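*Asks:* Before I ask anything, let me first share the structure, which is written out below as structure tokens.
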Amino acid sequence: MNVFRLAGDMTHLLSIIILLLKIRATKSCTGISLKTQELYVIVFLTRYLDLFTKYISFYNTTMKLVFLGTSISIVWYMRYHKVVKQTYNKDQDTFRHYFLAIPCFLLALLIHHEFTVIEVLWTFSIYLEAVAILPQLVLLQRSRNIDNLTGNYVFLLGAYRALYLVNWVYRYFTENHLVRWIPWLSGLVQTTLYADFFYYYIKSWKNNEKLQLPA
Amino acid sequence: SSSKDVKDEL
């Protein structure tokens, strides 16, 4: 474990906590894409299949359970909570997320480290996570005003994978140059997708004005 | 492809 990866995990955890707080405190999920949240549940389920078969560390197991639990409860709130589900922008959150999942699965069948169920599904989760934010970014462009909590949530979510990129550089130089193309390239794509959001987020923060994404 | 990397990350 290095400081970059720990910072990445904490940033990721913070983003999810902020989203859960927003939903629970305001009893509203306005501006949040249910499609992206459902993709994250699939990402965690397919990535943590070896949760009970392979013990890495107490930290690793705990964080996996926290990520699974929080992401599933967010989807539950948005789908079934009587008050929250009324605030879901159903008619704006129209991104066909299966158009993202299917190519990722096919790509995982083609490009992977080894052809086993666990490995192919893990690879699928890496590819899927790279594009899972797209429905959320599209929804942000459609919703006129973005509330601060939602903006902070997306920013921290993008920042976590950027910290993971730094972690991978650090590990490359400190762990006998182990090459890991699949997470590296996917992580690069994932972080790049946030580029314009980062630009507008930092601009709005500097000019102390409301975050607004161009349509 | 490289060796199957250890899955110690989240």
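The values are calculated or read from the model by the stated rules, or taken from the named source; none is laboratory data. In this text the structure is predicted, and so the values were computed from the model without any measurement. Neighbour counts are summed over all protein chains in view; Cβ atoms, including those assigned to glycine, are modelled from backbone coordinates with ideal geometry.
*Asks:* Scan A:Thr150, A:Thr174, A:Thr116 and give me the residue that is more than 16 Å from A:Cys104 (Cβ to Cβ), surrounded by 15 or more Cβ atoms within 10 Å (Cβ to Cβ) and of a type in the set (S, T, N, Q).
*Replies:* Only one candidate passes the filter, namely A:Thr150.
*Asks:* Looking at (1) away from chain B (no Cβ under 14 Å); (2) surrounded by 15 or more Cβ atoms within 10 Å (Cβ to Cβ); (3) not in a helix (DSSP H, G or I), find the lone condition where A:Ile56 falls short.
*Replies:* Result: A:Ile56 fails condition (1) only.
*Asks:* Being under 13 Å from A:Thr150 (Cβ atoms), away from every other protein chain (no Cβ under 14 Å) and over 15 Å from the mean Cα position of the chain (by Cα), is that true of even one residue in the stretch A:30-38?
*Replies:* yes
*Asks:* Another question about this same structure. With crowded, with 17+ Cβ neighbours inside 10 Å, within 12 Å of chain B (Cβ to nearest Cβ) and in contact (Cβ under 8 Å) with a residue 12 or more places away in the chain as the only criterion, which of A:Trp184, A:Trp122 stands out?
*Replies:* The conditions single out A:Trp122.
*Asks:* Let me ask you something else. List the pairs whose first member sits in the stretch A:7-19 and is over 18 Å from A:Ile32 (Cβ atoms) and more than 9 Å from chain B (Cβ to nearest Cβ), whose second member is surrounded by 17 or more Cβ atoms within 10 Å (Cβ to Cβ) and small (Gly, Ala, Ser), and whose Cβ atoms are under 7 Å apart, counting only residues at least 6 apart or on separate chains?
*Replies:* A:Thr11/A:Ala159
*Asks:* Continuing with the same structure: Has the stretch A:31-53 got any residue that is at pLDDT below 95, in a loop (DSSP other than H, G, I, E, B) and out of contact with any Leu (no Cβ under 8 Å at 6 or more places or on another chain)?
*Replies:* Yes, the conditions are met somewhere in the stretch A:31-53.
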